[in-house]
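Shown next, in structure tokens, is the structure this report addresses.
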Amino acid sequence: MTFLSILCALLIEQMKPLRADNPIYAEIKSLAMRMETWFNAGHPRHGRMGWFLMMAILMVPTALIYGVLMHYNLTLAAFAWNILIVYLTLGFRHYSHYFTSIQLALNAGDEATARALLAEWTKLDTVGMETSEIARIAVEKSLITTHRNVFGVFFWFLMPLGPACAVMYRVAEHLARAWNEPEHMRNEAFGQFAARAFYWIDWIPVRLTAVAFAVVGNFEDAIYAWRNFADRWQDEAIGIILSAGGGAMGVRLGTPAENAAKVVLADASTVDTTDVEPEVLPGEEPNVRALQSTVGLVWRALLLWMLLLLLLSGAVWLG
């Protein structure tokens, strides 16, 4: 049922993608904002209370409905419930229109349109960006978004609570951003638990995604970049995804230069490090072709996950 649920949800999303600003997501975001308003009193424990209450409100009904359907042997209804939850938690095509439009604009030499689309997608200042920088940021955003909206959901949907775990992953990812990234929430104690909780929830999925990128891409370069450069990003998870993904495609992603200098100083055996240059990430500078390479890498990784899931489902069914 797990494999078929994911397959059906993916097919439905290809035909009818769920917009990122749909009413259900809007209600969840509104609830997260209200939780922050109600609980934020400047202490980490308040963030912990809000986080668990948010999870209970969304996970318990999801798990109860699935449990009741399975208890009364309503298999088709449980199957439909699984498809609905996977469809709501997946985001394979939430932002694909941005990526595709940026790719088309760059192919046509229309950098202005590409900059405008990238700014709308990432909320970054893209004025004066060169083509290579536009391509790099678009590729990075695509890899990170695909991991968090697809592969992370896959992993947690395979867990015993199934749909409830998928909901937990997506909500945890949103709370880690909503309670830490906005200007008024930066350095706030309230969001510390949400960020730490998502770090551990995402610990295994991040590494499985990186392995998938390595398997379907340039394995040696992906593993080399992962082992030697991932810790040069401030965010470990992003470092793993981008170093492995870039290595798999032979593209130099990220700008972890500030951390690279620290690594050189830490590894230096002498005091004089003025002539020591940080080791450069392997691969070529991103260009328009890197966007197409990203599409191929993501689809191959998706097919790998689906194949492994099919084999696992077959083994369980035969067993």
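The values are calculated or read from the model by the stated rules, or taken from the named source; none is laboratory data. Computed from a prediction, not measured in an experiment: that's the story for all the values here. Counting neighbours? That spans all protein chains shown, and the Cβs are built from the backbone with ideal geometry, glycine included. Accessible surface is based on the protein model in full, side chains and every heavy atom, while ligands, DNA and RNA are left aside. Shrake-Rupley method; radii C 1.70, N 1.55, O 1.52, S 1.80 Å.
Please go through segment 120-137 and pick out each residue that is buried (at least 20 other Cβ atoms within 10 Å of the Cβ) and closer than 20 Å to E173 by Cα. Listed by number, the list holds a single entry, W121.
In this structure, is L58 closer than 16 Å to V153 by Cα and either in contact with a Gly (Cβ under 8 Å, 6 or more places away or on another chain) or aliphatic (A, V, I, L, M) (or both)? The answer is yes for L58.
You will find that of L117, L106, L161, the residue that is part of a helix (DSSP H, G or I) and open to solvent by 30 Å² or more (accessible area, probe 1.4 Å) is L117 and no other.
In segment 24-36, the condition of being open to solvent by 50 Å² or more (accessible area, probe 1.4 Å), more than 22 Å from the chain's Cα centre (by Cα) and farther than 21 Å from H147 by Cα is met by at least one residue. For segment 172-191, the set of residues classified as acidic (D, E) and open to solvent by 20 Å² or more (accessible area, probe 1.4 Å) consists of E181, E183, E188, listed by residue number.
The residue that is modelled with the lowest pLDDT, counting only those in segment 62-99 that are within 19 Å of I137 (Cβ to Cβ) and open to solvent by 70 Å² or more (accessible area, probe 1.4 Å), is Y95.
Take the residues in segment 296-307 that are of a type in the set (A, V, I, L, M) and surrounded by 15 or more Cβ atoms within 10 Å (Cβ to Cβ); name whichever of them is nearest to Y98 (Cα to Cα).
Looking at the filtered set, the residue picked out is V298.
Going by the structure shown, is Y66 hydroxyl-bearing (S, T, Y), out of contact with any Ser or Thr (no Cβ under 9 Å at 6 or more places or on another chain) and more than 30 Å from L312 (Cα to Cα)? So Y66 fails the test. The condition of being within 17 Å of R19 (Cα to Cα), touching a Ser or Thr at 6+ places or on another chain (Cβ under 9 Å) and without any contact (Cβ under 8 Å) to a residue 60 or more places away in the chain holds for S101.
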